[in-house]
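Accompanying notes for the structure given below.
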Amino acid sequence: MIQSIERALLILEIIAREGGAAKLKHISEKAKLTKSTTHNILKTFASLGYVKRGVCDTQYYLGAGIQNISRATGDDNALKGLLRPTLQRIAEKSKETVYLAVLNGDEVCCLDAVESTQMLRRTRPIGEREPVSRSAVGQIFLAFVPGLFERLKADPNESITKEIQEQVAKVANMGFSVALETIHPGMNCVAVPWRQRGELRAAIGLSGPSARLSNKALTSHALMMIREVEQSFARTTN
């Protein structure tokens, strides 16, 4: 056992057990380390992105680096290959841009996309990132990734408004997410979850002009997308 590594990982585990945020004194007491040693380890983690210090308080929060490692344990290329046919079927039925998104720290990242053939459309560049709290695909992760919503809600650096809290609760109840011009003016989106072995791995989104995608149309597309995802899951498990 290398003691310094053991101590460092223990500190991350303590923060995680406290719901993703803890004060220096509490961490040092739980780890049975001096405040100075604990602070130095936290400072190193902060420089690497594995923890971050609250601006308006004295707590330390788990950083985006932890989520990136978690996401990297999955095979993005395999996921793209697995879900590409599903994206294509949804795009064919909806005539809109359909995309695959994964969680990347406190953002969502577009992993793959099938662009609409219509003249007026919303393009989704591969690698494009959006705030997890504002996008339709992001709210899928907030609703269904254990601990993510609580961690961001407790982080003073994040703007989790009452409206967002209500929307996330609605997403958890309905099973899909709708965003009406929240990021790009004139563009609406809808998203559904993709799970593997019971764990949320990705979100599938559909976006297009608000003039074409009313709330009623988005709900209709969502139900179609859920059916396609269920059928896709059945095909991959047979």
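The values are calculated or read from the model by the stated rules, or taken from the named source; none is laboratory data. Worth saying up front: this structure is predicted, and the values here are computed from it rather than measured. Note: ideal-geometry Cβ built from the backbone for every residue, glycine included; neighbour counts use all protein chains shown. With ligands, DNA and RNA removed, areas are computed over all heavy atoms of the protein, side chains included. Shrake-Rupley method; radii C 1.70, N 1.55, O 1.52, S 1.80 Å.
Filter region 20-58 down to the residues that are closer than 26 Å to Val108 by Cα and touching a residue at least 60 places away in the same chain (Cβ under 8 Å) and list them by number.
Across region 20-58, the qualifying residues are Gly20, Ala21, Lys52, Gly54, Val55, Cys56.
Considering only region 120-169, state which residues are farther than 25 Å from Leu87 by Cα, basic (Lys, Arg) and either open to solvent by 70 Å² or more (accessible area, probe 1.4 Å) or at pLDDT 80 or above (or both).
Once the filter is applied, which keeps residues that are farther than 25 Å from Leu87 by Cα, basic (Lys, Arg) and either open to solvent by 70 Å² or more (accessible area, probe 1.4 Å) or at pLDDT 80 or above (or both), region 120-169 yields Lys153, Lys162.
Within region 70-187, considering only strands (runs of 3 or more DSSP E) that don't extend past its boundaries, which have at least 2 residues that are out of contact with any strand residue (DSSP E or B) (no Cβ under 6 Å at 6 or more places or on another chain)?
Values: elements: 97-104, 107-114, 129-131, 177-180.
Output list reads 97-104.
List the number of the failed condition for Val190; all other conditions in (1) over 27 Å from Ser220 (Cβ atoms); (2) hydrophobic (A, V, I, L, M, F, W, C); (3) touching a Ser or Thr at 6+ places or on another chain (Cβ under 8 Å) hold.
(1)
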